[in-house]
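Asks: Right, I'll just put the structure down here and ask away after.
Values in this text are rule-based calculations from the coordinates and carry no lab data. Note that the coordinates shown come from a computational prediction; the quantities given were computed from them, not determined experimentally. Note that we place each Cβ from the backbone using ideal geometry, even for glycine, and neighbour counts take in every protein chain shown.
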Amino acid sequence: MDQIRSFFRARDVLEVDTPVLSAAGTPSPVLESFRAVYRGPGVSQARTLYLHTSPEFAMKRLLAAGSGSIYQICKVFRNGEAGRLHNPEFTLLEWYRVGFDDSQLMDEVESFMRHMIPQAHQPAEYHRVAYRELFQRYADVDGLAATAVDLQDCVRSRRIGCPAGLATADLDGWRDLVLSEVIAPQLVDDVVFVYDYPASQAALARLRPGVPAVAQRFELYWRGLELANGFCELTSATEQSRRFALETQQRRERKLPDVDLDARFLAALRAGLPDCSGVAVGVDRLLMVAAGKDDIRDVLAFPFDRA
């Protein structure tokens with residue numbers, strides 16, 4: 001962790017600490033929060049709290065309060081995620097740079113990786129490929145214009161199994177399957193920033209105008225392993241409320257439980273979030289890269305089945 005902290009000290013980025021337990025969860029239909037119940041002083045009846053899936057909402061409240069550029073290293077929790085690349089409890093590095101756009105933040109993520117990974121393991125070049133071009137190059141489909149049927153044909157022609165529960169009409173679900181099962185295995189010799197994601201996958205990112213509009217979002221794939229996820233951050237409380245409502249509806253359609261929404265985060269957006277970009281890096285996966293391992297359990301002292 002000292003090596004991480006030295007990187008941000010040199011750039012005068014402030015380390016912060018935010019609560020692990022929150023009164024609000026994430027409405028994202030692809031993330032499931034762990035819930036905890038508090039009973040005791042300060043509440044008249046038992047109160048549901050959530051173990052955070054990311055410190056993002058709290059960190060943006062600090063940004064809106066005038067913190068300037070900040071970073072945090074913390075434990076986060078995601079229910080239902082376990083396997084070779086996932087542990088329900090893992091360590092996340094998240095940072096926000098005031099005044100940066102997504103391109104500038106990609107530059108800094110590259111500098112961070114060069115700081116963290118030994119030179120002998122560094123690629124000759126960090127490539128940048130737009131999402132649409134990536135799909136065309138490695139899957140022979142248009143990642144922005146392809147229909148769910150086009151993506152299904154892409155998957156089935158390669159004899160890739162479809163996960164149970166993936167709805168026929170779930171366009172983004174099929175996009176994600178093509179990316180993870182068709183494209184990522186072809187990136188094992190490259191380090192690639194993928195940028196300009198579909199607008200439907202913007203999450204908390206701004207949209208870049210155009211036809212079609214795209215999300216100012218990027219991910220870093222290190223030789224096929226997804227390592228970082230970054231945004232040029234959305235600052236509109238009105239648009240964020242609309243997206244929360246849409247995600248809540250998607251959760252209900254999938255018969256997932258409602259979560260309490262973060263009213264304080266929305267209030268911070270209304271108060272004024274500065275123009276900024278932020279990125280999250282999985283520290284355990286970063287250790288996998290540095291150690292040359294291909295299973296997250298090899299870099300965890302206590303994976304969840306031994307916790």
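Asks: Once fully extended, how much extra length lies between VAL188 and ALA213, figured as 0.36 nm per residue of separation less the alpha-carbon to alpha-carbon distance? Kindly include the intermediate steps, with their values, before the conclusion.
Replies: Numbers: separation 25, 0.36 × 25 = 9.00 nm, distance 2.95 nm.
Extra length available between VAL188 and ALA213 comes to 6.1 nm.
Asks: Work out how much length GLU253 to VAL30 would gain on full extension: take 0.36 nm times their residue separation and subtract the Cα-Cα distance, in nm to one decimal.
Replies: Net length gain for the segment: 79.0 nm.
Asks: How would you rank LYS255, LYS75, LYS60, going from fewest to most other Cβ atoms within 10 Å of each one's own Cβ? Please list the in-between numbers first.
Replies: Values: LYS255 6, LYS75 13, LYS60 26.
If I rank by nearby Cβ atoms, fewest first, I get LYS255, LYS75, LYS60.
Asks: Summing +1 for each Lys or Arg and -1 for each Asp or Glu, what net charge is found among the other residues whose Cβ lies under 14 Å from the Cβ of MET113?
Replies: -3
Asks: Taking the simple approach of a point 7 Å from Cα along Cα-to-Cβ for both PHE302 and ARG137, what is their distance in nm?
Replies: My value for the distance between the label points is 4.3 nm.
Asks: If a/c stays under 1.5 just call it rounded; otherwise compare a/b with b/c (prolate if a/b is bigger, oblate if not). Do that for the range 122-162, with a ≥ b ≥ c from the square roots of the Cα gyration tensor eigenvalues.
Replies: Taking the square roots of the gyration eigenvalues as a ≥ b ≥ c, the range 122-162 is oblate.
Asks: Let me ask something else about it. Apply the a/c threshold of 1.5 to the C-alpha gyration tensor of the range 13-146 and tell me whether it is rounded, prolate or oblate.
Replies: prolate
Asks: Another question about this same structure. Which lysines, if any, have their Cα less than 30 Å from the Cα of LYS60, not counting same-chain residues under 8 positions apart?
Replies: Within the straight-line limit of under 30 Å, LYS60 reaches these lysines: LYS75, LYS255.
Asks: Further question on the same structure: Label the chain by shape, choosing from rounded, prolate and oblate, from the square roots a ≥ b ≥ c of the eigenvalues of the Cα gyration tensor; if a/c is under 1.5 it is rounded, and otherwise prolate applies when a/b is larger than b/c, oblate when it is not.
Replies: Note, shape of the chain comes out rounded.
Asks: Something else about it: So if we plug the beta-carbon distance of ARG9 and ASP294 into 1/(1 + (r/R0)^6) with R0 = 35 Å, what FRET efficiency do we get, rounded to 0.05? List each step's numbers first, then the result.
Replies: Details: r = 32 Å, r/R0 = 0.90.
Rounded to the nearest 0.05, the efficiency is 0.65.
Asks: Related question: Just report the Cα centroid separation between the range 90-158 and the range 204-281, whole Å.
Replies: After rounding, the separation between the Cα centres reads 17 Å.
Asks: Residue-wise, which Karplus ³J(HN,Hα) couplings in Hz belong to the range 181-198, taking 6.51 cos²θ - 1.76 cosθ + 1.60, θ = phi - 60°, and x for glycine or proline?
Replies: Using θ = phi - 60°, the values come out as 9, 9, 8, 3, x, 8, 9, 5, 9, 10, 10, 9, 8, 9, 9, 6, 6, x Hz.
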